[in-house]
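Some notes on the structure that comes next.
No lab work stands behind these numbers, since they all come straight from the coordinates. Because the structure is predicted, anything quoted here is derived from the model rather than measured. Here the Cβ positions follow ideal geometry from the backbone for every residue, glycine too, while neighbour counts run over all protein chains shown.
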Amino acid sequence: MQTNRAHYSYMWPRDGALVAHALDRADYGDITRRFFEFCRRALPADRAALMHKYGPDGSVGSSWHAWTGPDGTPEVPLQEDETALTIWALWHHYARYRNFEFVEEMYRTFTRPCADFLLSFRNEETGLPKPSWDLWEERRGVHTYTVCTVIAALEAAARFAHLFGDTERAQGYTDGARRMRDGLVTHLWAPDHNRFARRLECHADGAQARDMTQDAALHALHLFDVLPIDDPKVQETMRQVNERLWVQVGIGGMARYEGDYYARIADDILRVPGNPWIICTLWKAQWLIKNAKSRDDLTEPCNLLEWANLCALPSGVLPEQIHPYNFTPMTVAPLTWSHSEVIETVYLWLAKHAELGR
């Protein structure tokens, strides 16, 4: 906890939700059901929001996040996207398996209380979530990625509420998602940069400022279907992000964000904004697939899948990030999140290939 170097033998709800979504695509529903049940058991008694990470016995794992806000007052260090993504993944689980009795119990004991928390954890003036920690677990603020996941979660919760005849809550979740989407466009779109900001920095005096660092997490705008893919704001944001974060030397690939310090190899930030990550590179592939108008347009995302294959160890294990000048794995391996993005990209590519062949 003093060095931020705890081992990786934990369950992160965010990573777990994304892995569960990929496993559901591949018909491993028995495994993913156990994941959702784990999350239900792990909910704290005093708030319906998941913590940073957990041990395999359900105990709360170590965290480097501060338990105080910028003004020094006590604050629970939440990563709100972890709760939100679990709700989002649970809806997709139900949509595939239609296991009504299971999700009915989950709605009562997990989905409903968690969605109620997401609604309550908002700034009444902007409609946006209150500050929490980002998906990279490095910064506090109101993050575009987090906003997108909460919108997706509230819309999923509304569908669950309709399913179980909870019409008043369904309307509340729908209204909350709509207002949050409006807040996203109003407060996180930066007209002077012609793209969305990574986050709103929140200072102790209540002031906010847009953080315009280019960040691959902005792919959340399309990953969770928050805005139409042909929205000019989304198109321009993705164009800038994919251009700026591509590693211009060595093996290529997409960095997390410009100036990424984690396990940095090169200081040439203009050409190597950070080490290439499999996750981020495949987000670019998914964006290209969604925009494909012909089968020829699927060649580049297929090449990016081949690039991910080159990152694998002989065992097939995928690491978190790669050395920018060769295919040496960096930091942890395996990272299940990397594997899940391969699965997501393959299924998305196959579906688009079939669609464009009709």
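Some notes on this structure:
- The chain: DSSP helices with Cα axial extent of at least 15 Å and average Kyte-Doolittle hydropathy no lower than 0.0: 144-163, 278-291, 336-356
- Between residue 306 and residue 290, residue separation times 0.36 nm minus the direct Cα-Cα distance comes to 3.9 nm.
- Most fluctuating residue given options 230, 192, 260, as computed from a GNM of the chain linking Cα atoms under 10 Å: 192
- Residues 341, 258 arranged by fewest to most Cβ contacts within 10 Å: 258, 341
- Distant alpha-carbon pairs in the stretch 57-116 (separation over 16 angstrom), percent: 60 percent
- Selected from 193, 92, 219 as most flexible by GNM, with the chain as the system and alpha-carbon contacts under 10 Å: 193
- Charge sum, other residues only, whose C-beta stays under 12 Å from residue 293's C-beta, Lys/Arg counted +1 and Asp/Glu -1: -1
- Each label was represented as a point 7 Å from its Cα along the Cα-to-Cβ direction; for residue 76 and residue 47 these points are 0.4 nm apart.
- Mean ellipticity per residue at 222 nm, deg cm²/dmol - from DSSP H runs of n ≥ 4 across the chain, formula -39500 (n - 2.57): -14500 deg cm²/dmol
- Order of 249, 272 - criterion: other Cβ atoms within 10 Å of each residue's Cβ, fewest first: 249, 272
- Kirkwood hydrodynamic radius over Cα pairs of the stretch 155-258, then Stokes diffusion coefficient at 25 °C and 0.890 mPa s, in µm²/s: 156 µm²/s
- The convex hull defined by the C-alpha atoms of the stretch 7-233 has an orientation-averaged projected area of 12.8 nm².
- Listing 202, 311, 148 from fewest to most neighbouring C-beta atoms within 10 Å gives 202, 311, 148.
- Principal axis extents of the Cα atoms in the stretch 245-353, from largest to smallest and rounded to whole angstrom, are 39, 32, 18.
- Percentage relative contact order, the chain, counting C-alpha pairs under 8 Å, at least six apart: 12 percent
- Take the Cα of residue 264, step 7 Å toward its Cβ, do the same at residue 356, and the gap between the two points is 3.8 nm.
- Between residue 130 and residue 9, the contour length at 0.36 nm per residue exceeds the Cα-Cα span by 40.6 nm.
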